[in-house]
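Single-structure report; data block below.
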Amino acid sequence: MTKNTLSLADKKSIIIDFLQQCNNYSDGMLKKYEGQLAEEETKTSAPQKIHDWTVYRDFNNYAINELNGTELDDWFD
């Protein structure tokens with residue numbers, strides 16, 4: 001079995017990049033549902049979807065902040 005060649009910084013960077021891509025997607029979805037909300041006030045699902053995508057993006061941002069620190073380093077052992 002070969003030893004893992006990625007450094008801790010590289011591992012964290014890969015995950016951070018992925019979470020940032022998820023947030024970019026979230027931003028697009030938020031714009032979509034905000035547009036629907038503006039177009040048609042009766043859309044009942046748009047406010048919930050806006051809430052859901054906002055919470056998802058906030059969670060990813062929190063994880064990115066944790067990964068930028070040392071709190072989760074032991075997860076990579």
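Values in this text are rule-based calculations from the coordinates and carry no lab data. Note that the structure is predicted; figures quoted are calculated from it, not measured.
Observations
- Reachable aspartates and glutamates from Lys12, criterion Cα separation under 20 angstrom, eight or more residues apart if same chain: Asp58, Glu66, Glu71, Asp73, Asp74, Asp77
- Its residue count N fixes a reference of 2.2 N^0.38 Å for the chain, and the Cα radius of gyration divided by that reference is 1.51.
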